[in-house]
Amino acid sequence: MQRKLIVGNWKMNGNFVSNQLLLQGIVAGVRDLHQADYVLCLPYPYLHQAQSILQQTNVAWGAQNLSANEDVALTGSVSPSMLVDNGCTYVIVGHSERRILSHETDDTAAARFNAALKAGLTPIFCMGESKDERESDWTEYIVGRQLDSIMRRFGVHALSHAILVYEPLWAVGTDMPATPSQAQEVHQFIRKRIARCDEHIAKNARILYGGSLHPNNARDLFAMPDINGGLVGRCSLDAQAFVSICLSI
Ligand code: PGA
């Protein structure tokens, strides 16, 4: 039985003052919850702030991206060991906003995935299709390709140290979440594809749903058998909404 997981993705939001209130609010709200693991992924400049507030709590923290390289001349990049230095244990890899806006490809996402593993970080690997791709019936082809980009390069065992996320692009930031059955169908597809290589890893894989998760829809999505938690964007910027999603699992 997989342990459930709720991840907050703050994206490019926050400042020292608002973060302190938000972090303290979330800590207070999940302090007595034991049904899942909780993680917050913050912008780089606030990782140290997260470390000072979240250490000794049941909320872990991580980053939203990382460089695939260590110790090279790469202006503006942040290496895996720098994340470890800031106490991170997780890092998001291959989020659709980076795939689209920063031209992340299967190759570059896979390199970052591997760099995270090598540094001892748990990659939170995002996959998902666009609206056009869904309407053309390409969902399984796209998600399968993204999943294979990891399994082919690093073997199925790499997945036992990662978190997978199904995050359809048309549901991110839109208030149009996938229905529980739409999400379940893709989660089941992902699990079955892993099972073709290793049934044990497939059974234990933690596959999160992301895209317009909200206190109003979380319970129904989390009730699906192959959904093991969520990646929460906007609602992770409001302590009450985030805690209420955590209570829905
Ligand atoms: P959203 O974002 O919950 O605001 O749709 C989710 C994400 O992009 O991780």
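Before moving on, here are some points about what is shown:
- Residue in the stretch 138-149 that is touching a strand residue (DSSP E or B) at 6+ places or on another chain (Cβ under 9 Å), β-branched (Val, Ile, Thr) and surrounded by fewer than 22 Cβ atoms within 10 Å (Cβ to Cβ) present: yes
- Which listed residue is out of contact with any Pro (no Cβ under 6 Å at 6 or more places or on another chain) and within 10 Å of the ligand (Cβ to nearest atom), from Val232, Val243: Val232
- When the criteria are applied in full, Pro177 meets the requirement of being over 23 Å from Leu33 (Cα atoms) and out of contact with any Asp or Glu (no Cβ under 8 Å at 6 or more places or on another chain).
- Test: residue in the stretch 228-244 that is open to solvent by less than 60 Å² (accessible area, probe 1.4 Å), on the phi > 0 side of the Ramachandran plot and out of contact with any Phe, Trp or Tyr (no Cβ under 6 Å at 6 or more places or on another chain): yes
- Here Leu101 meets the list (1) more than 16 Å from the ligand (Cβ to nearest atom); (2) without any contact (Cβ under 8 Å) to a residue 24 or more places away in the chain; (3) of a type in the set (A, V, I, L, M, F, W, C) almost entirely, failing just condition (1).
- Residue list for the stretch 194-215, restricted to those being out of contact with any helix residue (DSSP H, G or I) (no Cβ under 6 Å at 6 or more places or on another chain) and either modelled with pLDDT under 95 or surrounded by fewer than 22 Cβ atoms within 10 Å (Cβ to Cβ) (or both): Arg196, Glu199, His200, Lys203, Asn204, Arg206
- Cross-chain or 6+ apart pairs with Cβ under 7 Å, the stretch 206-226 first and more than 18 Å from Cys126 (Cα to Cα), then within 12 Å of the ligand (Cβ to nearest atom) and aliphatic (A, V, I, L, M): Pro215/Ala241; Pro215/Ile245; Ala218/Ile245
- The stretch 135-157: number of residues that are part of a helix (DSSP H, G or I) and either out of contact with any Leu (no Cβ under 9 Å at 6 or more places or on another chain) or free of Cβ contacts under 8 Å to residues at least 12 places away in the same chain (or both): 15
- Any hit, the stretch 88-98, residues being more than 16 Å from the ligand (Cβ to nearest atom), without any contact (Cβ under 8 Å) to a residue 60 or more places away in the chain and either touching a Leu at 6+ places or on another chain (Cβ under 8 Å) or not in a helix (DSSP H, G or I) (or both): yes
- Taking each residue of the stretch 164-190 that is within 13 Å of Asp226 (Cβ to Cβ) and without any contact (Cβ under 8 Å) to a residue 40 or more places away in the chain and looking for partners that are within 9 Å of the ligand (Cβ to nearest atom) and open to solvent by 50 Å² or more (accessible area, probe 1.4 Å) with beta-carbon atoms closer than 7 Å, six or more apart or interchain, yields nothing.
- Selection over the stretch 1-58 of residues that are within 15 Å of the ligand (Cβ to nearest atom) and either within 16 Å of Asn86 (Cβ to Cβ) or without any contact (Cβ under 8 Å) to a residue 60 or more places away in the chain (or both) gives a count of 8.
- Subset of the stretch 171-190 (residues that are over 17 Å from Ile249 (Cβ atoms) and open to solvent by 30 Å² or more (accessible area, probe 1.4 Å)): Gly173, Thr174, Asp175, Met176, Thr179, Ser181, Gln182, Glu185, Gln188, Phe189
- Candidates in the stretch 166-219 are the residues that are of a type in the set (S, T, N, Q) and in a loop (DSSP other than H, G, I, E, B); of these, the one that is nearest to the ligand (Cβ to nearest atom) is Ser212.
- Verdict on Ala68 being part of a loop (DSSP other than H, G, I, E, B), open to solvent by 30 Å² or more (accessible area, probe 1.4 Å) and more than 16 Å from the ligand (Cβ to nearest atom): yes
The values are calculated or read from the model by the stated rules, or taken from the named source; none is laboratory data. None of these values were measured; they are calculated from a predicted model. Please note: Cβ atoms are built from the backbone with ideal geometry, for glycine as well, and neighbour counts cover all protein chains shown. The protein model used for the area step is the full one, side chains on, heavy atoms only, and it has no ligands, DNA or RNA in it. Shrake-Rupley method; radii C 1.70, N 1.55, O 1.52, S 1.80 Å.
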